[in-house]
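Student: Next up is a structure, given as structure tokens.
The values are calculated or read from the model by the stated rules, or taken from the named source; none is laboratory data. If you're wondering where the values come from, they're calculated on a predicted model, not measured in any experiment. Ideal geometry is used to build each Cβ from the backbone, glycine not excepted, and the neighbour counts take in all protein chains shown.
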Amino acid sequence: MNQWNILCDFDGTIAVEDVTDSLLERFAHPDWQVLERDWRAGRIGSAECMAGQVALLDASRDEIDKHLATLRIDPAFPAFVEAARTAGSKLLVVSDGLDYAIRAILKRAHLDWLPVLANRFVQAGPRKWKLETPFSDPHCRIASGHCKCANAVREHNRHHRVLLIGDGASDFCAAGEADFVFAKHRLIEHCRHAGIPHVSIVGFADAISLLPALLAGRLHTPRRTLLPEAARL
């Protein structure tokens, strides 16, 4: 396995804001926060949570589009995409967010040609929306709408190494399947705790500077074997 391919999260990673949360805060009935608390407490999976939240949105397509036009991506992301292409690495956007929103935001940056795997955001009425989860997996450990682990496994089956770039809980399981992780926010502590090879980044300016070292093999470190708690005492 020589070629490195890149799986990149969207909300909070490519996009500066969490796009889904911003839509809910702007257009959803306040009950979306009840579902959020249930998800954070582990009472429901993320797929059930998001499907319920999307059903609480009250917005026309035009209102959705105008809101999405206000959201930003990391300004260094286009340069990172070009650096990855130049190096021969394929970049795939993998998200537990909303495909329509992702493509609209990427289009403004002239990056809508990037492949996107995400939940489907489907208009169900003039002001109603629903969620479809074509990339879910009944065996997903966190009952995610999009189980990202399968993407890493697929790349390994094609004899590619996998770099994951992400920031949060939807990236935890995929981090365990990746060969290396560029981690932000909550994903940093998860990788530390799980012994997953990673570096911490603030944004894609860091990722650009780190990519050559990764591709040259200077960042790829072995996984640390975690002992049972009793054995570490």
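Student: Taking the stated definitions as given, is residue 96 in a strand (DSSP E or B), in contact with a Lys or Arg (Cβ under 8 Å, 6 or more places away or on another chain) and of a type in the set (D, E, K, R)? Outline the logic, then answer.
Tutor: Details: in a strand (DSSP E or B): yes; in contact with a Lys or Arg (Cβ under 8 Å, 6 or more places away or on another chain): yes; of a type in the set (D, E, K, R): yes.
Judged against the criteria, residue 96 is a match.
Student: Would you say residue 93 is within 24 Å of residue 147 (Cα to Cα) and surrounded by fewer than 16 Cβ atoms within 10 Å (Cβ to Cβ)?
Tutor: no
Student: Which of the residues that make up region 198-209 are buried (at least 17 other Cβ atoms within 10 Å of the Cβ) and not small (Gly, Ala, Ser)?
Tutor: Once the filter is applied, which keeps residues that are buried (at least 17 other Cβ atoms within 10 Å of the Cβ) and not small (Gly, Ala, Ser), region 198-209 yields 198, 199, 201, 204, 208.
Student: Right, another one. I'd like the full set of residues that are hydrophobic (A, V, I, L, M, F, W, C), out of contact with any strand residue (DSSP E or B) (no Cβ under 7 Å at 6 or more places or on another chain) and closer than 16 Å to residue 130 by Cβ, limited to region 32-52. Give the derivation first.
Tutor: To start, the set of residues in region 32-52 that are hydrophobic (A, V, I, L, M, F, W, C) comprises 32, 34-35, 39, 41, 44, 47, 49-51.
Then drop every residue that is not out of contact with any strand residue (DSSP E or B) (no Cβ under 7 Å at 6 or more places or on another chain), which leaves 32, 34-35, 39, 41, 44, 47, 49.
Passing the criteria: 32, 35, 47, 49.
Student: Which of the numbered conditions does residue 85 fail, given that it passes all the others? Conditions: (1) in contact with a strand residue (DSSP E or B) (Cβ under 9 Å, 6 or more places away or on another chain); (2) within 17 Å of residue 162 (Cα to Cα); (3) surrounded by 15 or more Cβ atoms within 10 Å (Cβ to Cβ).
Tutor: The one condition residue 85 does not meet is (3).
Student: Would region 111-120 turn up any residue that is of a type in the set (S, T, N, Q) and more than 29 Å from residue 43 (Cβ to Cβ)?
Tutor: Just the residues of region 111-120 that are of a type in the set (S, T, N, Q), to begin with: 119.
Okay, now just the ones that are also more than 29 Å from residue 43 (Cβ to Cβ), so none.
There is no residue in region 111-120 that is of a type in the set (S, T, N, Q) and more than 29 Å from residue 43 (Cβ to Cβ).
Student: Still on this structure, I have one more. Suppose we filter 24, 57, 35, 7 for residues that are aliphatic (A, V, I, L, M) and closer than 19 Å to residue 77 by Cα; which single one remains?
Tutor: Going through 24, 57, 35, 7 in turn, the sole match is 7.
Student: Exactly one of these conditions fails for residue 182: (1) closer than 22 Å to residue 81 by Cα; (2) more than 16 Å from the chain's Cα centre (by Cα); (3) outside any helix (DSSP H, G or I). Give me its number.
Tutor: (2)
Student: Would you pick out the residues in region 65-93 that are polar (S, T, N, Q) and either in a loop (DSSP other than H, G, I, E, B) or on the phi > 0 side of the Ramachandran plot (or both)?
Tutor: 70, 89 - these are the residues of region 65-93 that are polar (S, T, N, Q) and either in a loop (DSSP other than H, G, I, E, B) or on the phi > 0 side of the Ramachandran plot (or both).
Student: Kindly indicate whether any position in region 19-36 is without any contact (Cβ under 8 Å) to a residue 40 or more places away in the chain, crowded, with 16+ Cβ neighbours inside 10 Å and under 30 Å from residue 83 (Cβ atoms).
Tutor: Going through region 19-36, the residues without any contact (Cβ under 8 Å) to a residue 40 or more places away in the chain turn out to be 21, 24-25, 28-36.
When the remaining residues are screened for being crowded, with 16+ Cβ neighbours inside 10 Å, the result is 21, 24, 28, 32, 35-36.
Now restrict to residues that are under 30 Å from residue 83 (Cβ atoms): 21.
Within region 19-36, one or more residues are without any contact (Cβ under 8 Å) to a residue 40 or more places away in the chain, crowded, with 16+ Cβ neighbours inside 10 Å and under 30 Å from residue 83 (Cβ atoms).
Student: Look through 187, 215 and report the one residue that is surrounded by 18 or more Cβ atoms within 10 Å (Cβ to Cβ), among the hydrophobic types (A, V, I, L, M, F, W, C) and at pLDDT 95 or above.
Tutor: Unique residue meeting the criteria: 187.
Student: Limited to region 1-17, what total is found for residues that are touching a Gly at 6+ places or on another chain (Cβ under 9 Å) and in contact (Cβ under 8 Å) with a residue 60 or more places away in the chain?
Tutor: 10
Student: Residue under question is residue 114, and the condition is that it be in contact with a strand residue (DSSP E or B) (Cβ under 7 Å, 6 or more places away or on another chain), surrounded by 16 or more Cβ atoms within 10 Å (Cβ to Cβ) and in a strand (DSSP E or B); does it hold?
Tutor: In short, no.
Student: Could you list all residues from region 155-176 that are touching a helix residue (DSSP H, G or I) at 6+ places or on another chain (Cβ under 7 Å), part of a helix (DSSP H, G or I) and not aromatic (Phe, Trp, Tyr)?
Tutor: The answer is 169, 170, 171, 173, 174, 175, 176.
Student: Which one of the conditions (1) over 30 Å from residue 27 (Cβ atoms); (2) modelled with pLDDT under 95; (3) aliphatic (A, V, I, L, M); (4) outside any helix (DSSP H, G or I) does residue 152 fail to meet, given that it meets all the rest?
Tutor: For residue 152, the exception is condition (4).
Student: Here's something else I'd like to know. Residues in region 164-182 that are within 19 Å of residue 153 (Cα to Cα) and either crowded, with 22+ Cβ neighbours inside 10 Å or acidic (Asp, Glu) (or both): how many?
Tutor: Qualifying residue count, region 164-182: 13.
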